[in-house]
1. Looking only at GluC sites (Glu not before Pro) in DSSP loops with at most 12 other Cβ atoms within 10 Å, what is the longest site-free stretch of the chain?
2. If you average the sequence gap of Cα pairs under 8 Å that are 6 or more apart and divide by the length of the stretch 158-206, what percent do you get for the contact order?
3. For Asn380 and Asp489 in one chain, what is 0.36 nm times their gap in residues minus the Cα-Cα distance, to one decimal in nm?
4. So, R0 is 35 Å and r is the distance between the beta-carbons of Asp316 and Lys410; what FRET efficiency does that work out to, to 0.05?
5. Give me a comma-separated list of calculated 3J(HN,Hα) values for the stretch 424-430, in order, Karplus coefficients 6.51, -1.76, 1.60 applied at θ = phi - 60°, integers in Hz, x for any Gly or Pro.
6. Decide, for the stretch 63-161, between rounded, prolate and oblate: order the square roots of the alpha carbon gyration tensor eigenvalues as a ≥ b ≥ c, take rounded if a/c falls under 1.5, and otherwise choose prolate if a/b is larger than b/c, else oblate.
7. 7 Å from Cα along Cα→Cβ at both Lys348 and Leu733: what's the point-to-point distance in nm?
8. Treating cross-link reach as a plain straight distance, find the lysines whose alpha-carbon is under 22 Å from the alpha-carbon of Lys521, omitting any fewer than eight places away in the same chain.
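None of the figures in this text is laboratory data; all of them are computed from the coordinates on show. All values reported here derive from a predicted model rather than from experimental measurement. Using ideal geometry, Cβ is built from the backbone for each residue, glycine included, and neighbour counts are taken over all protein chains shown.
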Amino acid sequence: MNKKVTIFLSFLLMTSSIIAQKQQKLTSNQIYEKIQKLNFLGSALYIAAHPDDENTRLIAYLANHDKARTGYLSLTRGDGGQNLIGPEIRELLGVIRTQELLAARNVDGGEQLFSRANDFGYSKHPDETLEIWDKDKVLADVVWTIRTFKPDVIINRFDHRTPGTTHGHHTTSAMLSVEAFDLANDPSKYSDQLNYTKTWQPNRLFFNTSWWFYGSRDNFAKADKSKMLKFDIGTYYPLKGLSNNELASIASSQHLCQGFGRLTTRGSQEEYVEFLKGDFPTSKEDIFSGINTTWSRVKGGKEIGDILNKVENEFDFINPSKHLPELMKAYKLVQGLKDEHWKGIKSKELKAIIKACAGLYLEASASSSSATPNSTVKVNFETLNRSNTPIELVSMEVQPQERLLLKNLKLNSNKKENFSETLNIGNMKYSAPYWLDQPWGLGMYKVADQTEIGNPESKRPFNVKYNLSINGESISFVKPIVYRYSQRDKGEIYEPFEIVPQVSTKLTDKVLIFSKGDAQKVSVEVKAGADNSNGIVKIQAPKGWKVSPAEISFSIEQKGDVRMTDFMVTPTSNESEGYINAIAVVNGKTYDKELVEINYDHIPKQTVLLPSRAKVVRLNIKKEGSHIGYIQGSGDAVPESLKQIGYKVTEITPSEINDKILSQFDAVVVGIRAYNTKKELQFKQKYLLEYVKNGGNMIVQYNTNRRVDVKAPFELKLSRDRVTDEYAKVTMLAKDHRALQYPNKITDQDFEGWVQERGLYFPNSWSKEYVPILSMNDKGESPKKGSLLIAKYGKGNYVYTGVSFFRELPAGVSGAYKLFTNLLSL
């Protein structure tokens, strides 16, 4: 195997997951389970379309019961979904969902992989999906994953034979998997990949079927199961104290931004897979039957297997360190294997076991969470050997600078060694998700480096390679540099150590609506990534727009501090739109990125660099009323959007709702999924309806149709009806209705330039009191007339809408602003 292949494999193994920066501290039970896994040489790849599509029950079963190396290939990062826990959508949501997937795999024992496909939102058919995704590139990524992961078994989450019955992304994932199953072993297909890996032929392909795909349990009971395998995925793991389905529930509950928190389940539970192609298992009880999963599948592996099976059979739970001589012997033999694939995988697994058996603690913690290129950082090192085995720290290598620090330090039993080094950062690349490095399109991300494709995260910018001698045998461990600190109300906290720009800029408003020709104040925040950052900041504007002053000087003494700068931007006289960019210049170098930090308790802190820009729209818009009450649901940016066109917006919580507070508002808007997420709202509905009855104006945005009652004044039934084509023709059913006429006349042109979708979860039946305003539909479907319903109730108006204003307003879609303003002005 050439050098490129070796480098790629070692990187893949080193960085397969850094879901927690905090070091793993394994119990004897966990060490033993890792040794069991070490002695199983088989792998399975599960394939679906999105985060939370995966069947964690089956992934956990394969990884923990069968002890197989188990991967989940999610074609997308879930960028097109909704966010239940915060305001992040699109690419920032994809960053969160990536980390939630890694958290899930950290629980169920699997590994995580991706393609370059961008989740552009709901799709009703694979034909639509593949019009937006680049089929050849996504198929290439599936082939690449198969060639590099080298699964014996592939399992599809969805059925490739039933297009149009579920999300188009779902069926597409299965269709591409079936196609890639054969292509992966064809050297004439995607031959450029063979500079880094080899062809591979999986043994068998399955579809993870269930009664759901048959419409009912009765239909499934009658189905021909001659080609199906059945497993009891409720098996109990005494070493964990958990059943497999309990483990799976905990893993699934990591998808918090999608509202997947759930109760654990336990007890016997059947899981089915349907055989599709390849060689049928010799036993219907074992998906790997007929495949050699012992050490003898690798040339030179028998001797290794003999050693490691003996360790497994005679494992000492009280003193695991007694096995270090045998483990080191096996490690040395693994280094001599010709099979680079299994050599890399088993070297990684053995190292983790050796480190745990020795009670080795190796940590490099930076003095701050970030640094800039060409600067220095103090790093505190802690090394500790908690066994009686002779261990020596020979040297440390700082990567990627390849700086060697000779130590020749004996690590005596349980004697902690602390020391510090000042490290030069060098001209390093900024920390950021690699798939966001280049401008991306609606359907695909761009990744220049073939070896990065599929990886869940970017390479860590700074690592330390610890070169040790254990019982006279050489072994090395690579650990990322982290930032460790404590907070009195949280305790010990670990964060990734990041490389950031010297300065970053941020336009405080991402969409700026100019409803008049007057100049508006536009604020730019300049943040320092290093001490003593001095320079100028300016705004680049579209042709015809004016910015004053041309530039503003700034001086920031302390790293992390910010300086606010204000510009006056004057729009064109006629309606127009474009983008403004905030740019800082320091010592002749230009900085044009916004640094976004995503910090939730259930995932590691994330650092993202995005273009520092905002959309500007010159829009002749009229409105009535001025004071809006907004009740947030699962979180959206509509309030900020309404402020852009001059409304005073007061956000109110359900607990605050009463007659007095509602009476001050010209309109009350209920945010997306509010009735799904704010249970208290149902008890406050009487006040809201009384407000309408007395002449108020209430606008309720979409809720999902799962076990929810929006308690509308008249009967309406929510459905799963949606229009996913943002270009779908919109017909105005009630042309003379005030909502389409006043204060802004709505025309066909106002439905141009929409993003991602028209709307979702429309009502599909309603009482006669409602007036349907719009009709729209996706290709080949019947018209959907429930996207915007308005009813008179008492003296006021009750509006229910599934139109995706929560996407359109933050995107600066002119027509959406006009229509929403009309609803507020009813």
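1. So the longest stretch without any such site is 1-284.
2. 29 percent
3. My answer for the length gained is 36.9 nm.
4. The calculated FRET efficiency here is 0.90.
5. 7, 6, x, 7, 9, 6, 5
6. Because a/c hits 1.5 or more and a/b fails to exceed b/c, the stretch 63-161 counts as oblate.
7. 5.4 nm
8. Cross-link targets: Lys506, Lys510, Lys538, Lys543, Lys546, Lys593, Lys615, Lys622, Lys623, Lys643, Lys648.
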